[in-house]
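Values in this text are rule-based calculations from the coordinates and carry no lab data. Everything numeric in this text was worked out from a predicted model, so none of it was measured. Neighbour counts run over all protein chains shown; Cβ positions are idealised from the backbone, glycine included.
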Amino acid sequence: MPQPDAQFVGRARELVKDLFHPRPLVYWSDLLLSTAVAYGSFYAAHTAGRPALAGLAFVVSVLAFYRAALFIHELVHLPGRSFGAFRAVWNLLVGIPLLIPSFLYYTHLEHHRPRHYATVHDGEYLPLARGPWHALVLMVASAVVVPAVAMVRFALVTPLTWLSRRFAAVVQRHASAMVIDPNYVRPVPTPVERWHWRAQEALCLVYLLIVGMLLLSGRLAWSWLGQAYLLAVCVLGVNAVRTLAAHRYRLSKQQPCSLIEQLQDSINHPRWPVLTELWAPVGLRFHALHHLLPGLPYHALPEAHRRLTAGLPADSPYHQTVSPGLLASLRTIWNEASHRLEALPGHV
């Protein structure tokens, strides 16, 4: 297996060595403002008298909830003790209401380990650029059913796991992770992890029971549920598109790769920062940079990218990660998937 270029990684780290400290004020203010806008615009979309205003408010709510939800990515990388309260508040404000409690995402760490990246141990990777093209469509279209699956997972499946250890083990391995690979098997949780899982599962179940009772009693109109479901579909759809633009997805899931190969398979979108921040918020527009130095907090990534672009040689692997934009990245993976399929026997 090829080894990472230690000199290149060391040089990159040296250029940004003062940027690794997360700033709690940035995290708290960003999260609280995003959630305030999200809930406020969601309410406005339902109560606005004019369709145009309702539609605009709904779009704002989708983007705000999307931004707030993607803080789940930062939770995995933040130091545990100093951001414990932040994790708890995020779960209460965003994770539980959207049925994406943080325990679902800690498999993300496997996505960053060079020995696991793009292998069977990485649930966030599929060789999508190798085709078929309809796998790309299916990935985005799945956003329509995922919210219903999440409701079943926490309203029906969760109580059953308390009754059967064998069933609980199956659910823990196959239905307890936010991944794109349907064949991914999650490792067995530690006792501490299992406690956190059950606490968050219980909160999701209680939340769904409360919403269900409000709906059945008539205290909450069913139109609110319809709007919430549509919002979830839109958030998941945008995130699916972003995910397709995060990597080149050319690796085969057969062999481990080096950190440099992981970097070259990832994509930065530094252009059009205002627009790009809408579909790839919380630092995710610098996805290749994040794979190179995952310890950098999201608010430091723009400055880190500026330094690396200026300080690394023009022929360095880092400069190969830049994409002109979302459409260019999507066009590339679509063309590669389509051409690979056409090259197979039986296709013309």
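Dividing the Cα radius of gyration of the range 137-278 by 2.2 N^0.38 Å, with N the residue count, gives 1.31.
Measuring max minus min along each principal axis, the C-alpha atoms of the range 8-50 give extents of 57, 21, 9 Å (largest first). Relative to the longest principal axis of the Cα atoms of the chain, the long axis of helix 165-174 lies at roughly 50 degrees. Where (1) 28, 55, 17, 0; (2) 27, 59, 14, 0; (3) 28, 53, 13, 4, 1 are the candidate values, the label of the one calculated here for P(r) over Cα pairs in 20 Å bins from 0, in percent is (2). If you take the Cα centroid of the range 139-155 and the Cα centroid of the range 75-126, the two points sit 19 Å apart. Put in line by how crowded their Cβ is, counting other Cβ atoms within 10 Å and starting with the fewest, Asp315, Asp122 read Asp315, Asp122. Highest average first, the peptides 37-45, 95-103 ordered by how many other beta carbon atoms sit within 10 Å of their residues are 95-103, 37-45. Dipole magnitude for the chain: computed about the Cα centre from +1 point charges on Lys and Arg Cβ and -1 point charges on Asp and Glu Cβ, it is near 460 debye. Taking other residues whose beta carbon is less than 13 angstrom from the beta carbon of Ala64, and scoring Lys, Arg as +1 and Asp, Glu as -1, yields -1.
With bins 10 Å wide beginning at 0, the percent of Cα pairs of the range 215-348 falling in each bin runs 11, 32, 29, 15, 10, 3, 0. The residues Cys234, Cys204, when put in order of fewest to most other Cβ atoms within 10 Å, stand as Cys234, Cys204.
Compare Gly325, Gly49, Gly80 in a GNM of the chain, Cα atoms joined below 10 Å, and give the one with the largest fluctuation. Comparing Gly325, Gly49, Gly80 in the GNM, the peak value goes to Gly49. The C-alpha atoms of the chain define a longest principal axis, and helix 24-47 lies at about 50 degrees to it. For the peptides 270-276, 64-70, 186-192, the ranking by mean Cβ contacts within 10 Å, running from highest to lowest, is 64-70, 270-276, 186-192.
For Ser266, nonlocal amide neighbours, meaning residues 5 or more places apart or on other chains whose placed amide H falls under 5 Å from its own, are Arg248. Computed over the range 21-95, the alpha-carbon pair-distance distribution with 10 angstrom bins reads 20, 45, 22, 11, 2, each value a whole percent.
Look at the dipole of the chain built from charges on Cβ: of Leu330, Leu78, Leu136, the Cα furthest out on the positive end belongs to Leu78. Nearest 10 degrees, 0 to 90: what angle lies between the long axis of helix 301-311 and the longest principal axis of the chain (Cα atoms)? Value to nearest ten degrees: 0.
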